[in-house]
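K.L.:
The structure under discussion is supplied below as structure tokens; questions concerning it will follow.
The values are calculated or read from the model by the stated rules, or taken from the named source; none is laboratory data. Bear in mind the structure is a predicted one, so any value in this text is a computation, not a measurement. Don't worry about glycine lacking a Cβ; one is built from the backbone with ideal geometry, like all the others, and counts go over all protein chains shown.
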Amino acid sequence: MKKIGYIRTTVKKEIEEQSEILIAAGCSKIFVEAKESIDFKSKIKLSQMIDTMQDKETIAVTRLSILSSSVQSLLELMHILEQKKIILEVVEQNFISSGIHTLNELLFYILEFIEDIKVEKQAYGMQEAKESGKRLGRPPKLTAKEVLKAIELKQNSTSRHIANRFRVGRSTLLRHIARSRKSA
């Protein structure tokens with residue numbers, strides 16, 4: 001029977017990675033759903049793909065999180081696939097919907113699905129923040145003005161005294177000074 005791959009991503013490099021995995025899994029055709037927003041609800045390519053499929057054909061995805069962004073919509077999709085007698089294969093999780101799975105296995109897959117969704121949303125948020133110019137991570141201990149002042153004071157004072165004055169550790173002070181000199 002025919003095996004068709006489905007890719008849904010907001011990150012372009014993931015398209016290549018998922019394509020390689022799906023081709024290795026034996027997919028003859030791959031549908032790609034690429035969007036800029038993590039919350040895209042209308043999965044047009046997925047609907048088109050399901051409409052063209054026949055009994056006993058297989059949809060292959062790399063992870064369950066590719067199909068849906070919520071447990072509810074995943075269950076609805078699984079119901080549609082079951083009605084149309086379409087088999088679902090999740091390559092990275094070794095899951096095939098036509099096989100018999102224990103409750104523990106299904107719960108494990110659902111927990112893994114929820115974790116994948118969290119990671120995907122976090123990665124998208126970080127990517128969006130970087131693109132908008134926001135600095136990620138902990139804020140610096142010293143401002144640019146304080147670093148310049150520290151460099152000025154360093155000519156007449158020790159690093160330890162200057163660090164105490166700005167209420168930071170000596171290594172933190174020296175690291176900020178070194179970064180300032182590198183960027184200048």
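K.L.:
Look at residue 88 and say whether it is aliphatic (A, V, I, L, M) and farther than 30 Å from residue 7 by Cβ.
P.N.:
It is false that residue 88 is aliphatic (A, V, I, L, M) and farther than 30 Å from residue 7 by Cβ.
K.L.:
Report whether or not residue 64 is crowded, with 17+ Cβ neighbours inside 10 Å and either without any contact (Cβ under 8 Å) to a residue 40 or more places away in the chain or touching a strand residue (DSSP E or B) at 6+ places or on another chain (Cβ under 8 Å) (or both).
P.N.:
Yes; evaluated as a whole, the condition is true for this residue.
Residue-wise test of (1) farther than 23 Å from residue 128 by Cβ; (2) surrounded by fewer than 13 Cβ atoms within 10 Å (Cβ to Cβ); (3) at pLDDT 80 or above.
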position: 31; (1), (2), (3): yes, no, yes
position: 41; (1), (2), (3): no, yes, no
position: 48; (1), (2), (3): yes, yes, yes
position: 53; (1), (2), (3): yes, no, yes
position: 56; (1), (2), (3): yes, yes, yes
position: 77; (1), (2), (3): yes, no, yes
position: 82; (1), (2), (3): yes, no, yes
position: 85; (1), (2), (3): yes, yes, yes
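K.L.:
Of the residues that sit in the range 3-29 and are in contact (Cβ under 8 Å) with a residue 60 or more places away in the chain and within 13 Å of the chain's Cα centre (by Cα), which one is surrounded by the most Cβ atoms within 10 Å (Cβ to Cβ)?
P.N.:
Among residues in the range 3-29 that are in contact (Cβ under 8 Å) with a residue 60 or more places away in the chain and within 13 Å of the chain's Cα centre (by Cα), the one surrounded by the most Cβ atoms within 10 Å (Cβ to Cβ) is 10.
K.L.:
What pairs come up if the first residue lies in the range 124-144 and is touching a residue at least 60 places away in the same chain (Cβ under 8 Å) and surrounded by 10 or more Cβ atoms within 10 Å (Cβ to Cβ), the second is in a loop (DSSP other than H, G, I, E, B) and hydrophobic (A, V, I, L, M, F, W, C), and their beta carbons are under 6 Å apart, counting only those six or more places apart or on different chains?
P.N.:
Listed pairs, sorted by first residue: 124/38.
K.L.:
Here are the criteria: (1) within 30 Å of residue 66 (Cα to Cα); (2) in contact with a helix residue (DSSP H, G or I) (Cβ under 7 Å, 6 or more places away or on another chain). Tell me which single one residue 142 does not satisfy.
P.N.:
Tallying (1) within 30 Å of residue 66 (Cα to Cα); (2) in contact with a helix residue (DSSP H, G or I) (Cβ under 7 Å, 6 or more places away or on another chain), residue 142 fails exactly one: (1).
K.L.:
Which of the residues that make up the range 127-145 are within 30 Å of residue 11 (Cβ to Cβ) and part of a helix (DSSP H, G or I)?
P.N.:
Across the range 127-145, the qualifying residues are 127, 128, 129, 130, 131.
K.L.:
Here are 111, 153, 148, 174: which of them is under 30 Å from residue 57 (Cβ atoms), assigned to a helix (DSSP H, G or I) and either not assigned by TED's automatic domain parsing to the domain that holds residue 22 or not aromatic (Phe, Trp, Tyr) (or both)?
P.N.:
111
K.L.:
Let me ask another. Restricting attention to the range 4-25, and to residues there that are assigned to a helix (DSSP H, G or I) and aliphatic (A, V, I, L, M), which single residue is farthest from residue 67 (Cα to Cα)? Even if it seems obvious, please write down each step before you answer.
P.N.:
Step one: list which residues in the range 4-25 are assigned to a helix (DSSP H, G or I), which gives 12-24.
The next check asks that each one be aliphatic (A, V, I, L, M); those that pass are 15, 21-24.
Working: 15: 14, 21: 16, 22: 14, 23: 18, 24: 19 Å.
Applying the filter and picking the extreme gives 24.
K.L.:
Looking at 157, 171, 180, can you tell me which residue is small (Gly, Ala, Ser), without any contact (Cβ under 8 Å) to a residue 40 or more places away in the chain, touching a helix residue (DSSP H, G or I) at 6+ places or on another chain (Cβ under 6 Å) and more than 30 Å from residue 68 (Cβ to Cβ)?
P.N.:
Step by step, each of 157, 171, 180 is checked, and only 180 is small (Gly, Ala, Ser), without any contact (Cβ under 8 Å) to a residue 40 or more places away in the chain, touching a helix residue (DSSP H, G or I) at 6+ places or on another chain (Cβ under 6 Å) and more than 30 Å from residue 68 (Cβ to Cβ).
K.L.:
Take the residues of the range 151-180 that are among the charged types (D, E, K, R) and more than 21 Å from residue 139 (Cβ to Cβ): which is surrounded by the most Cβ atoms within 10 Å (Cβ to Cβ)?
P.N.:
Once the filter is applied, the top-ranked residue is 154.
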